[in-house]
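Q: Have a look at this one before I ask anything.
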Amino acid sequence: MSTAAIEARLTELWETPKTVHGWFATVDHKELGRRYLVTALLFLIIGGVEALIMRVQLARADQTVLSPEVYDQIFTMHGVTMIFWYASPILSGFAIYLIPLMIGARDMAYPRLNAFTYWSFLLSGILLYVGPFMGQAPHAGWFAYLPYTGIKYSPSHGMDFYALALIFLTISTTGGAINFIVTILRLRAPGMLISRMPLFLYSTLTISVVILFALPSLTVACVFLELDRHWGTHFFSVAGGGTPVLWQQLFWFFGHPWVYVIFLPATGMLSMIIPAFSRRPIVGYPYVAMATILTGLVGFSVWLHHMFTIGLSDMAMGFFSAGSMMISVFTTVQIFAWVATIWRGRPVLTTSMYFALGSIALLVVGGLSGVYTGIIPVDWQVHSTYYVVAHIHYVLIGANVFPVFAGFYYWLPKMTGRKLNETLGKWSFWVMFLSFNAGFFPMHNLGLLGMPRRIFTYKEGLGWQGTNMLVTIGAFALGVGILLSIINVFISLRSGKIAGKNPWNSDGLEWESESPPKPYGSIHLPTVASRHPLWDDHDEEEDPANDRVLDQGRLTVITTWLDAEPKAIATIAKDTLAPLILAIAIFVFLSPLYSKCFG
Amino acid sequence: MSSATQLPTRFVSLRDLPVEEHRGRDAMWGVIATEAALFFCLFGAYFYLGNDKARWSINQPPKIYYALIMLAVLLTSSAVLHWGEKQVKRGLYASGRKALLATILIGFGFLALQAFEYLDHWKTLTPYSNSYGSIFYTITTFHAAHLIVGLLILIYALFIPRYGPTLESPFRPYETASLYWHFVDLVWIFIVLILYVIPNLMVHG
């Protein structure tokens, strides 16, 4: 059969028709990955606007832009949106789009589950935002401590929206994690041994396992909260023999591993981008891979450091303080590997590399302030102050937003077929980097001066005014920097330079496919012979007898999980509406809540 | 490029590979891992609340004989299902289906027994009594919910027309469904140990 005939046949098998039905029924990982990215970015913008509103209120002393109640709701929505509906889903978006291309598979292991996780992610986000539009937003911060969130102090349905939307989201996230694990372990191209896997796969695999074991704790906590609020149980009420600390234990047992869930894949992206632009393989590949796995593992033994001020035993605090410091060692291993890679390589300073370098700088600042706060007496001093706010933003913006932007400048040409404008991109980087530091570094100072987090205003004469004004200006400028990159995306979609298959001469298998990739990926399922498929002398698609085309149906190859020996042929599900219907069914199942709000 | 290495071309053909049949099982292991973590958290909450004797009002430990009868019932169901799975693997699909039906009936029997247990237990303890009651009923109800999900999966498997070799998914519904069922049984063993046996030992022992 000629190549053209094979292509036509594969296209017919894999292409989703451009109809309304096709739009809702698609299970194509590229389409779903794109939607994940767009949706998560929308949540970033929503959360960002909320942050800016807060900064207007705090710009000067005794402002009255927001009432205390509204301020509480806005900072809660900001935190919940950013941490749950932006930071993790944006990384899932990259993973869903890229992983099948990186491993040479035709789709994810469970395409229908993939579609379901997207729809339930979207609908849970909508559920979260139904509340605020009915004037019933959660108002107790993203970690929602009892007893404030109990029915007595939070009689509105805001906390119910919080709990139910989170339970809904955990279903989506868990499904996605199972999908990643099986995809990464079973669908790798023949020859892509576990020791040749791109590092992004190591980080995604690690966080997927972490999700499986950490997320149920959040589900349990939210179920207990709802039972206590509406069914009169006594998990958190001291009078009935419960304790509010149970919430804290359950929440942080989930919460701290979650920090690594939204951090590790971003470091995995840096471990792909930095070597590509340093023109050499990463230094210490096995150490970076092991550091990634160990971060995920040790991430389970640090959660008590969020609770040093509640009166724990010295023994427990000592153990968890040590754990918190130990985990920084693994992050340091990664950072040194990146620095050594740049040092020993010939760095090419593209916009993507700018963001990667900026990310390293911010991550070091955020990591160090994290080590400080892991020390118990320091924690007692700065607990619940702006110091912690500065720390969390350095870590999350430094190690999530900046790598994500590096990822966009790096991989968007693959997704759209067009490059982004480098000049505008570098402007965007410098505006973001400088304004971020101008806006968030002074927060350390505010914290040490004693400004508590989550206050809606402050008195004049405390010496906080000028710094707060600076923070507000920085926050707005950061918004401008992000806006520049968004404008850049739209410009590139219209008139960007055509990227071609491999615009950066990178090593990963994802650059083997067309830009944008064909619905089926590559015609011949690739084989891999080294850690850097496109840099070595091996032709991945060398297949003269068409032995690796698999055009009898929607098929891909299953390999063994360590050695990636071809083992079997897997069928891939067709487009279907079932995932959407199931997600809507769950949304409707939770409808008593919002009907209660109306009535 | 510093990493350029000469590598021999390796011939890989995908023409004669069998159809893959285990993705359902793979996903089920993921589900089991996360559900195990769920019960781990529930037991953790049980111990955490019970750690402070001042607030832990377990006046009388739950009667153990109900739980043991229910355990025997569930273990029987697992054994029957396992036998059925073996039959299916040997190609005896009809007896496999009968075993599935029997398992489902035993499963409903378990739920009935649990209803009796609740009715009896409710006289001395309710979820509204105290934190012990809350966590006791929450854990056992979570287990019952998982059992109901297991029953739904088994009923779905019961009505799947084919257990044998096939080119369409689900490939091995029997295997996947029974894996989940055995997990739900295993959880009950832990519940019996933690919620029933240990409190009785601590009172009587």
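What follows is calculated from the coordinates using simple rules that are stated; it is not laboratory data. A quick note: this is a predicted structure, and the numbers were derived from the prediction, not measured. Positions of Cβ are generated from backbone atoms using ideal geometry, with glycine treated the same way; all protein chains shown enter the neighbour counts.
Q: Treating the beta-carbon of each Lys and Arg as +1 and of each Asp and Glu as -1, no other charges, what is the dipole magnitude of chain B about its Cα centre, to the nearest 20 debye?
A: Numbers: 15 positive and 12 negative charges, 55 e Å.
Approximately 260 debye in magnitude.
Q: Let me ask you something else. With the crude spin-label approximation of a point 7 Å out along Cα→Cβ, what separation in nm comes out for residue A:546 versus residue A:473?
A: 6.7
Q: Now for a different question. Just tell me the longest site-free run in chain A, where the sites are GluC sites (Glu not before Pro) in a DSSP loop having at most 16 other beta-carbon atoms within 10 Å. Display every interim value, and only then the final one.
A: Working: sites that count: A:15, A:460, A:514, A:541, A:542.
It runs A:16-459.
Q: For chain B, what number of Lys pairs, 8 or more residues apart or on separate chains, have alpha-carbon atoms under 26 Å from each other? Show your work: numbers first, answer last.
A: Details: B:53/B:63; B:53/B:123; B:63/B:123; B:86/B:98; B:89/B:98.
Close lysine pairs found across chain B: 5.
Q: How many angstrom lie between the C-alpha centres of the stretch A:496-575 and the stretch B:50-67?
A: 59
Q: For residue A:312 and residue A:52, FRET efficiency with R0 = 30 Å and r from the beta-carbon atoms, rounded to 0.05? Can you show the working numbers first?
A: Working: r = 37 Å, r/R0 = 1.23.
Efficiency computed from Cβ-Cβ geometry: 0.20.
Q: Additional query: Give me the inter-chain shielding for A:528-538: mean count of other chain Cβ atoms within 10 Å, whole number please. Spell out each step's value before the answer.
A: Values: counts 2, 6, 4, 2, 5, 0, 1, 5, 6, 7, 6.
For peptide A:528-538, the averaged partner shielding equals 4.
Q: Right, next: Can you tell me the dipole magnitude for the protein assembly as shown around its Cα centre, using point charges on the Cβ only (Lys, Arg +1; Asp, Glu -1), in Debye to the nearest 20?
A: Numbers: 50 positive and 45 negative charges, 58 e Å.
Dipole magnitude for the protein assembly as shown comes out near 280 debye.
Q: Using a Förster distance of 35 Å, how high is the FRET efficiency between residue A:487 and residue A:62, based on the Cβ-Cβ distance and rounded to 0.05? Walk me through the intermediate numbers first.
A: On the way: r = 36 Å, r/R0 = 1.04.
Calculated transfer efficiency: 0.45.
Q: If you don't mind, another one. At most 12 other Cβ atoms within 10 Å plus a DSSP loop assignment makes a site exposed; report the longest stretch of chain A without any exposed chymotrypsin sites (Phe, Trp or Tyr not before Pro). Please list the in-between numbers first.
A: Details: sites that count: A:153, A:231.
For chymotrypsin sites (Phe, Trp or Tyr not before Pro) (loop position, at most 12 other Cβ atoms within 10 Å), the longest site-free span of chain A is A:232-599.
Q: Quick check: pseudo-label points 7 Å beyond the Cα along Cα→Cβ at residue A:18 and residue B:112, how many nm apart are they?
A: A separation of 6.0 nm, rounded to one decimal place.
Q: Let me know the number of lysine pairs in chain A closer than 15 Å at the Cα, not counting same-chain pairs under 8 apart.
A: Within chain A, the lysine pair count is 12.
Q: Towards the positive end of the charge dipole of the stretch A:459-567, with charges on Cβ (+1 Lys, Arg; -1 Asp, Glu), say which of A:487, A:513, A:465 has the farthest Cα.
A: After comparing all options, I get A:465.
Q: Along its principal axes, what span do the Cα atoms of the stretch A:227-364 show, with the longest given first and each in whole Å?
A: Its Cα atoms span 66, 34, 23 Å along the three principal axes.
Q: Please work out the C-alpha center-to-center distance from the stretch A:214-245 to the stretch A:443-476 and express it in whole Å.
A: About 35 Å separates the Cα centre of the stretch A:214-245 from the one of the stretch A:443-476.
Q: When the expected Rg is taken as 2.2 N^0.38 Å, what fraction or multiple of it is the alpha-carbon Rg of the protein assembly as shown?
A: Numbers: Rg = 27.4 Å, N = 804, 2.2 N^0.38 = 28.0 Å.
Dividing the Cα Rg of the protein assembly as shown by 2.2 N^0.38 Å gives 0.98.
Q: Is the shape of the stretch A:263-497 rounded, prolate or oblate, going by the alpha carbon gyration tensor and its root eigenvalues a ≥ b ≥ c, with a/c under 1.5 for rounded and a/b larger than b/c for prolate? Could the numbers behind the result be given before it?
A: On the way: a/c = 2.66, a/b = 1.29, b/c = 2.06.
Oblate is the answer for the stretch A:263-497, as a/c is 1.5 or above yet b/c matches or exceeds a/b.
Q: While we're on this one: I'd like the antiparallel share, as a percent to the nearest 5, of DSSP beta bridges with both residues in the protein assembly as shown. Please report the intermediate quantities before stating the final value.
A: Numbers: 8 of 9 bridges.
Taking every DSSP beta bridge with both residues in the protein assembly as shown, the antiparallel ones total about 90 percent.
Q: In peptide A:174-184, what is the residue-averaged number of other protein chain Cβ atoms found within 10 Å of each Cβ?
A: Numbers: counts 7, 4, 0, 3, 8, 2, 1, 5, 6, 0, 0.
Mean inter-chain Cβ contacts per residue within 10 Å come to 3.
Q: I want to check the label-to-label distance for residue B:201 and residue B:13. Put each point 7 Å from Cα in the C-beta direction and report it in nm to one decimal.
A: Output for this residue pair reads 6.1 nm.
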